[in-house]
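Chemist: Got a structure for you, questions after.
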Amino acid sequence: MWTKVVGHLHSKKINGKEREQGVLCQVRIRKNRITGRDRSTVVPILHSFGIDDIGSMVDFLVEEGRWNAIKKEGEADDEPEEGKKKRPSRINAPDFDMAGSREKIIQHIEAEGLEKELKMLVSDTFNQIEEACSVKRKSRYS
């Protein structure tokens, strides 16, 4: 595994200054030379909490289109500034029959004990992507 900081999470203004709450860490995983799998993902690490696994799973489901970002009327598709990650203001999470801010969805998942269901959604989505990317051919060695 290789890691590197690819951005900073600034979301709180305290005493008139934006304060850093954490970093976005890119994790690159290379399984081995036989399978050749080389995957990477971005994981938020919060200074006061640690690895934000639930937040990163919510981000993954939005990025992969399983859940939809809801744009406010008049909201532009601006590119985020360098080193900052643009997050949608509202998310539609139909698997949990709710819509709201990223933080509200995370709090709902934690309060209702839906972590297992969230992990299953992420696992299913990831496996669908892997299946769609695989080449279907007859085995060379059978």
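Chemist: Among the residues of the stretch 1-59, count how many are loosely packed, with under 12 Cβ neighbours inside 10 Å and small (Gly, Ala, Ser).
Modeler: Residues flagged as loosely packed, with under 12 Cβ neighbours inside 10 Å and small (Gly, Ala, Ser) within the stretch 1-59 amount to 4.
Chemist: Which residue pairs have Cβ atoms closer than 6 Å, lie 6 or more positions apart in sequence or on different chains, and pair a first residue in the stretch 111-124 that is in the same structural domain as residue 98 (by TED's automatic domain parsing) with a second residue that is surrounded by 12 or more Cβ atoms within 10 Å (Cβ to Cβ) and assigned to a helix (DSSP H, G or I)?
Modeler: Pairs that qualify, where the first residue is in the same structural domain as residue 98 (by TED's automatic domain parsing) and the partner is surrounded by 12 or more Cβ atoms within 10 Å (Cβ to Cβ) and assigned to a helix (DSSP H, G or I), are 118/57; 118/109; 121/95; 122/57; 122/60.
Chemist: Check the stretch 78-99 and report whether any residue there is assigned to a helix (DSSP H, G or I) and either in contact with a helix residue (DSSP H, G or I) (Cβ under 6 Å, 6 or more places away or on another chain) or modelled with pLDDT of 95 or more (or both).
Modeler: Yes; the residues of the stretch 78-99 include at least one that is assigned to a helix (DSSP H, G or I) and either in contact with a helix residue (DSSP H, G or I) (Cβ under 6 Å, 6 or more places away or on another chain) or modelled with pLDDT of 95 or more (or both).
Chemist: Could I ask something else about it? Pick out, from the stretch 1-52, the strands (runs of 3 or more DSSP E) lying fully within it that include 1 or more residues that are touching a residue at least 60 places away in the same chain (Cβ under 8 Å).
Modeler: Passing ranges, in order: 2-14, 17-30.
Chemist: Which residues, counting only those in the stretch 1-39, are modelled with pLDDT under 85, under 19 Å from residue 60 (Cα atoms) and small (Gly, Ala, Ser)?
Modeler: Answer for the stretch 1-39, where residues must be modelled with pLDDT under 85, under 19 Å from residue 60 (Cα atoms) and small (Gly, Ala, Ser): there is none.
The values are calculated or read from the model by the stated rules, or taken from the named source; none is laboratory data. Only a predicted model underlies this, so the values are computations on that prediction, with no experimental measurement involved. All Cβ positions, even for glycine, are placed from backbone atoms using ideal geometry, and neighbour counts span all protein chains on display.
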